[in-house]
Amino acid sequence: MAELHPQIVHFTIVLVIIGVAFRLVSLVGRPVFAGPAAATLLILAAGAAVVSVQSGTAAHGPVERVPGSRAAVVEHEEWGERARNVALALGALEVLALALRRSPKVRYVHAAAAVVGLIAVFAVYEAAEHGGELVYGYAGGVGIRSGDPQDVERLLLAGLYHQAQAERKAGHGDESASLIGVAARRFPADVEVQLMAAESLLVDQKNPEAAVDALTAINPPQDNRILRTRRATLQADAYEAAGDTASAVRALEAIVAEFPNPRLQQRLDALR
C-alpha cells in the first residue's frame, strides 16, 4: 500500500474540500442535490482518510531513515493523523444527519458538519503542506516508491545536477565541476550527462580546449535534434572561447543547415 500513498492522499484531499464546499452550499437550501452530494463525499472522505494514514505509515520507514528527514516525517504524520480524526468526526456527523434526515434537528447537525468541515479542510491543508515539504524539501519517497533501482539513479543524477548548479551560481566552479565529474563517471553512456560534463569544462574549469576534445568524442543520436543542436552550440562556445572563430562558424553552419533555427542563425551571422 505504501507505493499508492500519493494517489490515495490526493483523492482524500479532493473529497474533503469538495464535500465541505457542498455542505456549506447546502445550508442555503439550493441546489437540492448539494446536501446528498456532501453526505456522500464526506463519508467517502472519512474512509479515504483512514486508508491515507495507513498507506503513509507503510511508506514512512525508508523515508525517515534519510539523515535529517525524521522531524519532517513525524510532523507530516501527525498532521495526517489529525486530518484523519477530524474527517472521521465529520463522517460521523454526516451519518447522524442521514439518521435524522426527517427530523427538524437535522439542520443543526448539518451546521455542525459545516463547522467541523472547515476544521477538516485546515487539517488536510496542513497535512498536504507538510507532505509537500517532505517530498520537495527532503526528497521523501522520491526514487524509492516504485522499488526500481533506476529511480534511485535518476534521483542521484538530479541531486548532483542541482547541487552543481547551486555551486556554480555561488561562484564555486571547482565544486560544481567535481559534482558533474561524479555524474559523468556514474553515467558514461548518457549523452546528456556527457554534454553537461563538457559544458562544465568550459564554464567551471575555463578549459575550452578540453571542452572541444570532449565534445568531439560525443555522438548524439542522428534523429535527436535537441541533443545535436546542443552539442553544436557548445562546440561553438568552446571554439569561440579558444579564439577559433572559424571553427565556431563551421559548427553552427552545419547544424543550422540541417535544423534551421532563427536564434542560431542570428548568432552565426554575428560570428561571421
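The values are calculated or read from the model by the stated rules, or taken from the named source; none is laboratory data. What you see is a predicted model; the values in this text were computed from it and never measured. A quick note on method: Cβ atoms are made from the backbone with ideal geometry, for glycine too, and the neighbour counts reach across all protein chains shown.
Take Arg101 and decide whether it is over 14 Å from Arg23 (Cα atoms), in contact with a helix residue (DSSP H, G or I) (Cβ under 7 Å, 6 or more places away or on another chain), basic (Lys, Arg) and assigned by TED's automatic domain parsing to the domain that holds Leu15. Full working, then the answer.
Values: over 14 Å from Arg23 (Cα atoms): yes; in contact with a helix residue (DSSP H, G or I) (Cβ under 7 Å, 6 or more places away or on another chain): no; basic (Lys, Arg): yes; assigned by TED's automatic domain parsing to the domain that holds Leu15: yes.
Criteria not met by Arg101.
Identify the residue in segment 1-12 that is surrounded by fewer than 21 Cβ atoms within 10 Å (Cβ to Cβ) and part of a helix (DSSP H, G or I) and, among all such residues, is nearest to the chain's Cα centre (by Cα).
Step one: of segment 1-12, the residues surrounded by fewer than 21 Cβ atoms within 10 Å (Cβ to Cβ) are 1-4, 6-8, 10-11.
Cutting the leftovers down to part of a helix (DSSP H, G or I) gives us 2-4, 6-8, 10-11.
Details: Ala2: 18, Glu3: 16, Leu4: 16, Pro6: 12, Gln7: 14, Ile8: 17, His10: 14, Phe11: 18 Å.
The extreme case among them is Pro6.
So, Glu240, is that one part of a helix (DSSP H, G or I), on the phi < 0 side of the Ramachandran plot and crowded, with 16+ Cβ neighbours inside 10 Å or not?
Yes: the conditions hold for Glu240.
Working carefully through the options Val86, Val63, Val73, Val20, find the one that is in contact (Cβ under 8 Å) with a residue 60 or more places away in the chain, within 28 Å of Val135 (Cα to Cα), crowded, with 18+ Cβ neighbours inside 10 Å and more than 23 Å from the chain's Cα centre (by Cα).
Val20
Within segment 245-272, track down each residue that is touching a residue at least 24 places away in the same chain (Cβ under 8 Å) and not in a helix (DSSP H, G or I).
Phe259, Asn261
Here are Gly91, Gly117, Gly132: which of them is in the same structural domain as Phe22 (by TED's automatic domain parsing) and within 20 Å of the chain's Cα centre (by Cα)?
Gly132
Checking Phe122 against (1) assigned by TED's automatic domain parsing to the domain that holds Asn85; (2) out of contact with any helix residue (DSSP H, G or I) (no Cβ under 8 Å at 6 or more places or on another chain); (3) modelled with pLDDT under 95; (4) not charged (D, E, K, R), only one condition comes out false. Which one?
(3)
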